[in-house]
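Here is the structure we will look at.
The values are calculated or read from the model by the stated rules, or taken from the named source; none is laboratory data. Since we're looking at a predicted model, the values are computed, not measured. Cβ placement follows ideal geometry from the backbone for every residue including glycine, while neighbour counts extend to all protein chains displayed.
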Amino acid sequence: MPIYRDQQNPEPSTGKKQSPLAPHLTSVAGGTNPGELEERNFLDLTLCQACGGRCCQGSPGIWVDPERFWAIFFQGQHLSLEQLRKRLPELGMVLWVKTGVPIPAPQSLAAGCAFLGADGCRFSISERPCQCLALVPNKETLDQQSGCLCYLPKEYSRDAASQRWQNYWKTV
């Protein structure tokens, strides 16, 4: 089951939901310590267990921050696109190219993310894709038959990930 944050904080000026990590989004998305998200206590295991991983059943999350990805899986070593293509299958991952920019992601199966098991996510919290960690839970998800109504802050959107990875690929 995926791990969700336990709060929804409306932004005072706009009334929009924001991640409880909002004060830290720049530093986390910017490539600081990969364990930083793990150290935050925004998990709601009860909601997560009740939901059963609907976000994961829809589509795997992606690593928005290239530096965080390299730190987690390659001890900070940067690989070329061709090197990464060769190494991802042994990790159970693929290059996600839906935005036209290659981004590492867990393999997607008919049931959703390949890392979603009977007991939840097989990644440790510190290894999980940025998008998975950034989701702000919505209890209304439990009121519907399928789908996920959780909110993903724009700092973790596909567009944000695409821009970060495009910038990275230009440097290698």
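Contact map, the stretch 47-73: first residue over 12 Å from Cys132 (Cα atoms), second residue at pLDDT below 85 and of a type in the set (Asp, Glu), Cβ cut-off under 8 Å, separation 6 or more or different chains; pairs are Leu47/Asp6. The set of residues from the stretch 112-134 being assigned to a strand (DSSP E or B) and within 9 Å of Cys56 (Cα to Cα) comprises Gly112, Cys113, Leu116, Cys121.
Every condition in (1) surrounded by 14 or more Cβ atoms within 10 Å (Cβ to Cβ); (2) outside any helix (DSSP H, G or I) is met by Gln145 except one, and the failing one is (1).
For beta carbons closer than 9 Å, sequence separation of 6+ or different chains, a first residue in the stretch 156-172 that is part of a helix (DSSP H, G or I) and a second that is charged (D, E, K, R) and exposed (fewer than 15 other Cβ atoms within 10 Å of the Cβ), the qualifying pairs are Arg158/Lys98; Ala160/Lys154; Ser162/Lys98. The lone criterion from (1) crowded, with 21+ Cβ neighbours inside 10 Å; (2) over 19 Å from Glu155 (Cβ atoms) left unmet by Gly92 is number (1).
Taking the stretch 128-172 as the range and being β-branched (Val, Ile, Thr), modelled with pLDDT under 90, farther than 13 Å from Gly53 by Cα and over 16 Å from the mean Cα position of the chain (by Cα) as the test, only Val172 passes.
Ile72 - would you say it is of a type in the set (Val, Ile, Thr), surrounded by 15 or more Cβ atoms within 10 Å (Cβ to Cβ) and not in a helix (DSSP H, G or I)? Judged against the criteria, Ile72 is not a match.
Within the stretch 89-100, identify whether any single residue is over 19 Å from Cys51 (Cα atoms), touching a Phe, Trp or Tyr at 6+ places or on another chain (Cβ under 7 Å) and part of a helix (DSSP H, G or I), and answer yes or no. Yes, that holds for at least one residue. On the given criteria, is Tyr151 aromatic (Phe, Trp, Tyr), surrounded by fewer than 19 Cβ atoms within 10 Å (Cβ to Cβ) and under 29 Å from Leu47 (Cβ atoms)? For Tyr151, the condition - aromatic (Phe, Trp, Tyr), surrounded by fewer than 19 Cβ atoms within 10 Å (Cβ to Cβ) and under 29 Å from Leu47 (Cβ atoms) - is met.
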